[in-house]
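Structure first, commentary second.
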């Protein structure tokens, strides 16, 4: 699980932009939609692992894909670029 979190964190921001303590830099914009979606995906993965991984990763991805797309579409609302 730690490797999943580390991989996710390292893919979110280049190492030179992330302070050693893991706090976001002042230049990192606040993106509540991205944070919501990341939390939902991470929660789904944690639940899947706790239940001894029923189904394949592809099946889990397919099950949540429509929700991820819906969240992304809402996130592109009139007040977002």
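The values are calculated or read from the model by the stated rules, or taken from the named source; none is laboratory data. This one's a predicted model, so the numbers in the text were calculated from it and none came from an experiment. For neighbour counting, all protein chains shown are included, and Cβ atoms are generated from backbone atoms with ideal geometry for every residue, glycine included.
Key figures
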| item | result |
| --- | --- |
| Cβ-Cβ under 8 Å pairs, at least 6 apart or on other chains, the stretch 56-79 side more than 12 Å from residue 37 (Cα to Cα), far side modelled with pLDDT of 85 or more and part of a helix (DSSP H, G or I) | 60/44; 60/45; 60/48 |
| Helices (runs of 4 or more DSSP H) fully within the chain counting 1 or more residues that are surrounded by 10 or more Cβ atoms within 10 Å (Cβ to Cβ) and modelled with pLDDT of 75 or more | 32-50, 57-75 |
| The stretch 43-54 residues that are in contact (Cβ under 8 Å) with a residue 24 or more places away in the chain, paired with ones that are in a helix (DSSP H, G or I) and surrounded by 10 or more Cβ atoms within 10 Å (Cβ to Cβ) (beta carbon under 8 Å, 6 or more apart) | 45/4; 45/60 |
